[in-house]
Amino acid sequence: MIATNTNKVLLKDGSNIVVIGGGPSGSFFSYFALKYAEKRGLEINIDIIEAKNFNCLGPAGCNNCGGIVSESLIQMLSAEGIILPSEVIRKGIETYTLHLEQGRAVIEAPIDEQRIASMFRGLGPSGCAPNGLKSFDDHLLELCISKGANVILDRVVELERKKDGILVKTKSNIKKEYDLVVGAVGLNQEAFRLFHKICPAFVHPKTTRTHICEIKMDSGLINEYFGNSMHVFLLNLPNIEFGALIPKANYVTLVLLGKDIDKKIAGKFLNSDPVKKCFPPKFDLESNISCRCYPHINIKGSKSAYDNRVVLIGDSSTSKLYKNGIGAAYITAKSVAHTAIFQGISKENFKKYFQPVCNNLEFDNSIGKFIFMVTSIIQKSAVLKSSMLQVVIDEQQNERHRRKMSSILWDTFTGSAPYKDIFWRFLNPRILFTLIWNTMLAIQRSIKNKI
């Protein structure tokens, strides 16, 4: 380790790095750190400590995620040398179907590059037949191993700051001192308590509870009732910002996002008419749910997610509101890897080079909160929903590049564009005029129906 007179602490040949957490952010950091180190001619050692085996079926390998990745992110990863093979992708999503109480509309991807793909973060639910398919998280770990990382299946139980590094202790009694500790622990509260000991200024992210469940269906029925479409619901139900049904081989993943989703709220969603109409008649949803969970998501980023020789990334630092957490993991992990290899691993280094990246994501999330506030107003108004639905239906008759409102909705629910871009596109005078005109028509229809 080299300390300069400007208080920089730099990695050198033989430096040891530990990544706690082998999900996407941990793997992305390891991949890029090794890639940049090779570019700089630096020999470093990276241990990835992960308690889960992502090559397992059921909860043991699950990482509590809806499992959606945009085509734009797939192409971005591909350009970095991170290729997602067909064995990882469970289904290509070419359209999404918007469901309202007033009806539904099928929306095609604005352009081919904005399609999305569904996958499992683990190998799949209990009872799933993998048939040669692979876990997304396990595939990323294999890439890291091929680059030279060492993966340790274990759980970290203690972190202790020493004079020239940080001592890491695991459940199996491994003790090793590292020059840099990277926290990719998601929103694990127990892990946050460990990091507070070596990063006392760290304030963990604000979270809310969501709902994910896996509904088992015959693959033929999935193709018949869902096709290659993700079904998105904007229903006037308490606490739910939006819901989605995502087809994946012989399962359909239900994701509910909003505020503190519990079993009662999830039950109301599953029993709503627009949801039940997506499934075969007399299909018993409850008895076909293979597994369910209520994971927390990041809705407000952390503060001071770094100190000398320690930094937290991915959901542990900041994410993208209600969407594309894998994309945020990629952005934060790559930034920290570049900082650590080329700039240094001091608190000042991370504050100067990593914090602005977090600030940009949080600023975009603030715009996203405004967009979803507007969306919640629309959800509660039958007139506004009728107007929006009619605009989308009319647009589907046009050429793809002219479907302005459909493109905005696609990017809002799939994470294919920053919220800032979505907001500015919504202010297009033509879109506003079309919405206002269709709202007036919807009001007229509503008045006539009452007479």
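Filter the range 131-147 for residues that are touching a residue at least 12 places away in the same chain (Cβ under 8 Å) and of a type outside the set (D, E, K, R) and give the result.
Residues satisfying the conditions are Gly132, Leu133, Ser135, Phe136, His139, Leu140, Leu141, Leu143, Cys144.
Find the helices (runs of 4 or more DSSP H) located wholly in the range 388-451 whose residues include 3 or more that are at pLDDT below 85 and out of contact with any strand residue (DSSP E or B) (no Cβ under 6 Å at 6 or more places or on another chain), and list them.
Correct list: 429-450.
Would you be able to say whether some residue in the range 121-135 is exposed (fewer than 15 other Cβ atoms within 10 Å of the Cβ), polar (S, T, N, Q), more than 24 Å from the chain's Cα centre (by Cα) and on the phi > 0 side of the Ramachandran plot?
Looking through the range 121-135, at least one residue is exposed (fewer than 15 other Cβ atoms within 10 Å of the Cβ), polar (S, T, N, Q), more than 24 Å from the chain's Cα centre (by Cα) and on the phi > 0 side of the Ramachandran plot.
Of the residues Glu43, Glu50, Glu101, only one is under 12 Å from Leu140 (Cβ atoms) and outside the structural domain of Leu409 (by TED's automatic domain parsing); which?
Checking each option against the conditions leaves just Glu50.
So, in the range 238-285, of the ones that are in contact (Cβ under 8 Å) with a residue 60 or more places away in the chain and among the aliphatic types (A, V, I, L, M), which residue ends up surrounded by the fewest Cβ atoms within 10 Å (Cβ to Cβ)?
Ranking the candidates gives Leu285 first.
Can you find a residue in the range 140-155 that is of a type in the set (S, T, N, Q) and at pLDDT below 90?
Taking every residue of the range 140-155 in turn, none turns out to be of a type in the set (S, T, N, Q) and at pLDDT below 90.
Restricting the range 338-354 to residues that are among the polar types (S, T, N, Q) and more than 26 Å from the chain's Cα centre (by Cα), which is nearest to Ser30 (Cα to Cα)?
Gln343
Tally up the residues in the range 349-401 that are exposed (fewer than 14 other Cβ atoms within 10 Å of the Cβ) and of a type in the set (Phe, Trp, Tyr), please.
Looking only at that region, the number is 2.
Cβ-Cβ under 6 Å, sequence separation 6+ or interchain: first residue in the range 420-440 and free of Cβ contacts under 8 Å to residues at least 60 places away in the same chain, partner of a type in the set (Val, Ile, Thr). Which pairs?
Pairs that qualify, where the first residue is free of Cβ contacts under 8 Å to residues at least 60 places away in the same chain and the partner is of a type in the set (Val, Ile, Thr), are Lys420/Ile367; Ile422/Ile408; Ile422/Thr412; Phe423/Ile367; Arg425/Ile408; Phe426/Ile408; Thr434/Val391; Asn438/Val391.
Suppose we keep only residues that are touching a residue at least 60 places away in the same chain (Cβ under 8 Å) and among the small types (Gly, Ala, Ser) within the range 331-348. Which one would you say is surrounded by the most Cβ atoms within 10 Å (Cβ to Cβ)?
If we take residues in the range 331-348 being touching a residue at least 60 places away in the same chain (Cβ under 8 Å) and among the small types (Gly, Ala, Ser), then Ala340 is surrounded by the most Cβ atoms within 10 Å (Cβ to Cβ).
Does Ala244 qualify as being in contact with a Gly (Cβ under 9 Å, 6 or more places away or on another chain) and assigned to a helix (DSSP H, G or I)? Explain how you work it out, then say what you get.
Values: in contact with a Gly (Cβ under 9 Å, 6 or more places away or on another chain): yes; assigned to a helix (DSSP H, G or I): no.
Against the criterion (in contact with a Gly (Cβ under 9 Å, 6 or more places away or on another chain) and assigned to a helix (DSSP H, G or I)), Ala244 does not qualify.
Looking at the range 148-185, which of the residues that are free of Cβ contacts under 8 Å to residues at least 12 places away in the same chain and part of a loop (DSSP other than H, G, I, E, B) is surrounded by the fewest Cβ atoms within 10 Å (Cβ to Cβ)?
Top of the filtered list is Lys163.
The values are calculated or read from the model by the stated rules, or taken from the named source; none is laboratory data. Please read these numbers as outputs of a predicted model, since none were measured by experiment. So basically every Cβ, Gly included, is an ideal-geometry build from the backbone, and we count neighbours across all protein chains shown.
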